[in-house]
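The values are calculated or read from the model by the stated rules, or taken from the named source; none is laboratory data. These figures come from a predicted structure and were not determined experimentally. Virtual Cβ from ideal backbone geometry, glycine too; neighbours counted across all protein chains shown. Keep in mind that these areas ignore ligands, DNA and RNA; they rest on the heavy atoms of the full protein, side chains included. Shrake-Rupley method; radii C 1.70, N 1.55, O 1.52, S 1.80 Å.
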Amino acid sequence: MQSKQLFTTLGALRRDQLGMILPHEHVFVDLRTPDTPGYGLADTAAVVALMAPQIEAIKAQGITALVECSTGGVALRVDLDLAVSRATGFPIVVPTGNYREPWIPKWVGKASAAELEAWMHRELTEGVGETGVKAAWIKVSAGDDGMTPLETKILRAAARAARRCNAVIGSHTIKGRVVMDQLDIIEDEGYTAKRFISIHTQAEPDFDLHKAVAARGAWIEYDNIGWVPDEETIPLILRALEAGLGGQLLLSHDMGWLDPAKPGGGEPRPYTHLVKSVLPKLRAAGVDEATIVQLTHTNPFEAFAR
């Protein structure tokens, strides 16, 4: 049996070729809707100039890969990820898929579920667009109060495409009850909740729903590290570990990025806080090194590799 591989901008990598992985970050994002003039446009050299130093900073911390979480509708630009990756010699993991309404291009809205499945499967197995870079995973989203019919169509197509190659599906979903509905749809399509990441789990205030999502087999992700005080982050991580969720927990910042809507691309937020601040505080709180390795090495690889 072939060992699992993580598909990146620098090729497929095995677990023994990687160390710490950041499972939810952004190199490039445009949060304007796709019909906005200038949407998703940027100069490649400018993106590299702004973002390469951010990558070098985490390389120096021992981070070995980063997952790009910008998807269709919020300007996934794998060509830009690839340029930054090549400039730094650093692997970036990219998705296929599409975000929620109103960030849905017209062609996605008009496409059938079968057409969307074929598109996503092609990008998972052949490459995203003309880049030659295989998507490792599918990134989708759902409305805060529930899925629209269009978001449901995208999720069903994602489940069908992912099932064919064991890819993980991650979803920006704020409420735990909506995540549970998404898991029902994935299972209805014959796929497994074990290949689903509940992105932004920390946004759900009811910790029982964190446990309920994990009990279904899904990954949970606390990805606001550095956005909120460590005094909020550390107790939540410790609570999850005490509840036995350490084997399904992902940690990241949801930071970066070059935003073409802002002058000069804006001011990126660094990806450094986890290693610089949170991990030392977890160790000080008594979290052992094996658990740290599981959270930062093993879990992100197992979530995204196939």
Fraction of antiparallel bridges per DSSP, the stretch 1-136 only, in percent to nearest 5: 30 percent
Accessible area (Å², per residue) of the stretch 63-137, counting only protein heavy atoms and a probe of 1.4 Å: 34 Å²
Cα-Cα P(r), the stretch 103-192, percent of pairs per 5 Å interval: 3, 15, 25, 26, 20, 9, 3, 0
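Sort 93-105, 128-140, 242-254 by packing, meaning the average of other beta carbons within 10 Å per residue, with the highest value first. Please list the in-between numbers first.
Numbers: 93-105: 23.5, 128-140: 22.0, 242-254: 19.0.
Those peptides, ordered most packed to least, come out 93-105, 128-140, 242-254.
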Gyration tensor verdict on the stretch 154-306 (Cα atoms; rounded if a/c is under 1.5, prolate if a/b is larger than b/c, oblate otherwise): oblate
Row for the chain, column shape: gyration tensor on C-alpha, a ≥ b ≥ c, rounded if a/c < 1.5 i.e. under 1.5, prolate if a/b over b/c, else oblate; value rounded
Report the label-to-label distance for ARG164 and ALA203 in nanometres (one decimal), using points 7 Å from each Cα along the Cα→Cβ vector. 3.0 nm
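Quick check on the chain: helices-only [θ] at 222 nm, where DSSP H runs of length 4 and up contribute -39,500 (n - 2.57) each and the sum goes over total residues. Nearest 500, please.
Details: 11 runs with 112 residues, N = 306.
Only helices count here, giving -11000 deg cm²/dmol.
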From the Cα centre of the stretch 12-75 to that of the stretch 103-145, the distance in Å is 18 Å
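How much length would be gained if the chain were fully extended between GLU126 and LYS211, taking 0.36 nm per residue of separation minus their Cα-Cα distance, in nm to one decimal?
Length gained between GLU126 and LYS211: 27.0 nm.
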Accessible area per residue, Å², the stretch 173-306 with all protein chains present, probe 1.4 Å: 39 Å²
Collect residues whose amide H, placed 1.01 Å from N in the peptide plane, falls under 5 Å from the amide H of THR8; neighbours closer than 5 in sequence don't count. LEU13
In the structure displayed, which of LYS4/LYS194; LYS153/LYS175; LYS59/LYS175; LYS106/LYS153 lie more than 22 Å apart, Cα to Cα? LYS59/LYS175
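Per-residue counts of other Cβ atoms within 10 Å, averaged by peptide: what ranking do you get for 23-32, 144-153, highest first?
Working: 23-32: 23.5, 144-153: 15.1.
Sorting 23-32, 144-153 by mean packing, highest first, produces 23-32, 144-153.
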How much of the accessible area of the stretch 234-306, in percent, comes from carbon and sulfur atoms when a 1.4 Å probe is used? 53 percent
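Take each of the peptides 211-221, 63-73, 226-236, average the number of other beta-carbon atoms within 10 Å over its residues, and list them starting from the highest. Don't skip to the answer; put the middle values down first.
Details: 211-221: 20.6, 63-73: 26.0, 226-236: 14.4.
Result, highest mean Cβ count within 10 Å first: 63-73, 211-221, 226-236.
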Spelling out what I want: for every residue of the stretch 249-263, take phi, set θ = phi - 60°, compute 6.51 cos²θ - 1.76 cosθ + 1.60 (Karplus), and round to whole Hz; glycine and proline get x. 9, 10, 10, 7, 9, 6, 10, x, 6, 7, 10, x, 7, 9, x
